[in-house]
Each structure stands twice: as structure tokens, then as C-alpha cells.
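Every number in this text was worked out from the coordinates using simple rules, so none of it is lab data. Computed from a predicted structure; not experimentally measured. Please note: Cβ atoms are built from the backbone with ideal geometry, for glycine as well, and neighbour counts cover all protein chains shown.
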Amino acid sequence: MLPTDLLSYRHNGEEIIPKRLSIDDRNLKVATEIITCYQDAVGNTQGLLERQLSDLEGDTPDYRMKRGLAYILKSSFSTFEVVSPLEPPMLRAKVFAVAAKSSPSRESTQITLGKVADELSRELEKEILPSQVRDGLYADLNENKILTNFDAPTPESLLHRYNLSQVQGVFYKASQLIINAHRNVPGQYKLLFRYLKLFQLMSYIEGDADHGFTITIDGPTSLFHPSTRYGLAIAKLIPALLHVTKWSLASTLQTRDFYTKARKTGRFTLNSECGLVTHYSPGKPYDSMLEESFANKWKSAKTEWVLEREVDLIPIPGSVMIPDFRLVHPDGRTFLLEIVGYWRPEYLQKKFYQVRRSERNDLILAISERLNLDKAGVKLNDVPAKIVWFKDKLLPKSVLAVLD
């Protein structure tokens, strides 16, 4: 996503319209030039790359667009690393200790680098050259980090990513989003709700799978303490929403007038015909390593119970609960399994509220012993579910003990 200073949009009354680039020859040429700049910079420093990008940018009026494309390549497709024979602070200490024993001069500098290189060669049991010592001294500065890998996108996909990032940036200042997920296949709903759950967004959900859902999400500017992290989480939802077949979105934004700095309200709308292209996969198999580890261990468990991944939607007032797994026995018995391993008090309160409102008698809660439920104000005495406790990892035998 783009930082605020690289976002471009215009106003049409209260409506905010983000800048989007046409996928035409001119823009494809610019994207190709910037991608080539990165490809040629592999193995060189970030400082050299930035100077080349500055030359490419020149004094053209579209400099913000070029900077935006370059930023996306840097943040999403590039790997910059500190390349040094030793951690730079430790290397500087060694070099300065040796250098302090002689008077400063060009000759003594070369002698110092040579001595440190020989010492490191013996310690590390590989050849270290004086030039590596010199280059590694301040390798931890951003301008000296080396571009070690660049996974080049196509020019067209870079432009799509830019357009999506411009739209995502609108939600940094959102006070509320209302998403109407129109009638879709159940899998589409589940994918959307999984991302809501994954990004820990505060939402109120109405509707059902037969008619569609209305999802009201609190934006970052509606919080008591506006959170940049929460604003980013809202923005991250948009590429996930693009996987849903039919939807519409309306957002209320809190912005400032460019000249007077006075606060004002803006509006932004979007729907499934917007033409934006997502770079998200259709959905992660698991929301956490904890869930993935449990599922992998279940494969080797000796049991007739079959483990299925997120197959049920449980409608409850104001929300929808999607248990992590369903357990099915050949004799027809079924149970739903929810793993509670996340510590945030707000999350715990919401999770146990959902469990109580679900009024299900076939629910199993696997709860981490590391959670401070008392501090979160959560009481288990009125939770209508079977409880399984675990420490670091949830083991199939613990769940099977409750089932059998």
C-alpha cells in the first residue's frame, strides 16, 4: 500500500475519487522503465537505486505517479539486506579498536582494513577481503543496504497494484464502512468473513446466507484513539473483498481541507464492477500456524472422526460465527471446533459473546492456558460449550478425549 504523501485523489462535492491509471501504452512504458531500473539494480545499494530513480523521475509533472510505482516495487517485490562479514556495529568496534593504535592516514587505513580482514578470515574460517570490511562498516544504513532479490511483476500487474493501492489509501481516514454482500454462493460469504476475522475488524453483521449480508465496520477515525494499524487493517480488507462475486460498499471519511485544515466529511463508494484487480490468493488455508499445526497432526491421528475446515456459518445477532473446524463421525455425530489462542481483550470478549449467543450444544472451545481470561472479563461458567485447554500446541488426543 502507498503512504499518505503518495496518494492522489480529487473531490466532487463530498465524493472522493482516487486517481487510477489507465492500462495504456504510455503508462505501461513508464511501469516498464521503473521495473527495468530495479532489475538492473540487483546486487547494488539502495542509495544507487534511489539516485537512478530520481534521474528517471526528472522534473516531469507525473513524479508522484512514478514515486508511487517505485514504492510498490520496493515494499512488495524487493528484498534489501545488510551485506557485511560481521554485524556492522561489531565490525565498527573492531576496526576502530585497531585504528586507534595508529595515526590517521590513507596508508594506515589500508593497513587497518587488512588487519581486520585477516583476523575475521581466521575467526570465520573463510576469506574476508579488506574491501568487504570497508563496505560492511556502515552496511546497516538504508542507503547502503543491497538489493539482493527482485521478483519483477509485469508492467500491467504493477499498474493494477497501483490503482488498488490508491483506493486502499482512501480508508486510512474512514469513520465507517457499510458493505452489502449480495446473494452469493456460501463459499463467497465464508471467504469474506474469514478475512474480517483475520484482520480483527470491529463489525456488525445482519442478514443470512439466502438473502445476503450487510456488514457495518467501524473505521479508524471512529476509535477513541485513532489507530494507524487499524486503518491499514481496513485497507487490507479491500483486496479480499474483490474475491467476492457481488457486493457494494459505501464509506464515510473524515478528511481535512487542503487550505484551511478544517475537518470535513467525505464519501466514497465502490462495487464489484469497479475493475480493480486483487493480488490476494483466494484465501489462506489457515488463519494461524496453530490451526495449521492441529490440522496436520489430525491427519496422523488414529480416529474415525473426520476433520473438515470452516464449513458452517452460525448466524447470531449482529454477527456471524465461523468455527475453525467441523468434526464428523461416520455414525452421524458432528461437533464444531473453535480454537481460541488470540490474546487481545476485545477479541476474547467478542468471541465468548458469540459463543453464548450462538446457543449451540455441539460446540467445542480449545482455549490456550496462556490467555488471561479474568483480565479480559471473560467468565466460563455460563459458556454453552465443551472446553479443551492447551499450552503451546493443540493436540488431537485432547479433542478426542472430549468427543469420546
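Observations
- Gain on full stretching of the segment that runs from THR154 to SER398 - 0.36 nm per residue minus C-alpha separation: 83.0 nm
- Placing +1 on the Cβ of every Lys and Arg and -1 on the Cβ of every Asp and Glu, with nothing else charged, gives the stretch 88-138 a dipole about its Cα centre of roughly 200 debye.
- Choice from GLY114, GLY47, GLY231 showing the highest fluctuation, given a GNM over the chain with Cα pairs closer than 10 Å: GLY114
- Relative contact order of the chain, defined on C-alpha pairs under 8 angstrom at six or more residues apart (%): 13
- FRET E, pair ARG51, ARG370, Förster distance 51 Å, beta-carbon r, rounded to 0.05: 0.55
- Förster-model FRET efficiency, 41 Å R0, GLN39 and TRP389, C-beta, rounded to 0.05: 0.20
- Rounded tilt (10° steps) of 186-198 against the dominant C-alpha axis of the chain: 60
- Cleavage-rule hits (GluC sites (Glu not before Pro)) in the stretch 33-136: DSSP loop, at most 12 neighbouring Cβ within 10 angstrom: GLU125, GLU127
- Relative to its residue count, the stretch 104-144 spans a Cα convex hull of 78 Å³ per residue.
- Amide proton proximity set for LEU363, modelled H, under 5 Å, gap of 5+: LEU336, LYS386
- Exceeding the 28 Å Cα-Cα cut-off - candidates LYS197/LYS261; LYS74/LYS246; LYS19/LYS350; LYS236/LYS264; LYS302/LYS391: LYS197/LYS261; LYS74/LYS246; LYS19/LYS350
- Extension gain, ASP208-ARG92: 0.36 nm per intervening residue step, less the Cα-Cα distance, totals 35.4 nm.
- Helix axis angle, 289-299 relative to the chain longest principal axis, alpha carbon, degrees: 60
- Here the dipole of the chain is about 860 debye; that uses its Cα centre as origin and unit charges on the Cβ of Lys and Arg (positive) and Asp and Glu (negative).
- Fully extending the segment from TYR259 to SER76, taken as 0.36 nm per residue of separation minus the present Cα-Cα distance, adds 62.5 nm.
- GNM result for the chain, Cα springs below 10 Å: residue of LYS299, LYS66, LYS19 fluctuating most strongly: LYS299
- Using a Gaussian network model of the chain in which every pair of alpha carbons under 10 angstrom is joined by a spring, one finds that among LEU129, LEU191, LEU69 the greatest mean-square fluctuation is at LEU129.
- Scaling the Cα radius of gyration of the chain by the globular reference 2.2 N^0.38 Å produces a ratio of 1.27.
- The stretch 1-156, relative contact order in percent, only Cα pairs under 8 angstrom and at least six apart counted: 35
- Note on the chain: dipole from Cβ charges, positive end direction compared against THR36, ILE367, LEU395; the farthest Cα belongs to ILE367.
- Counting only alpha carbon atoms, the long axis of helix 155-170 and the longest principal axis of the chain meet at about 60°.
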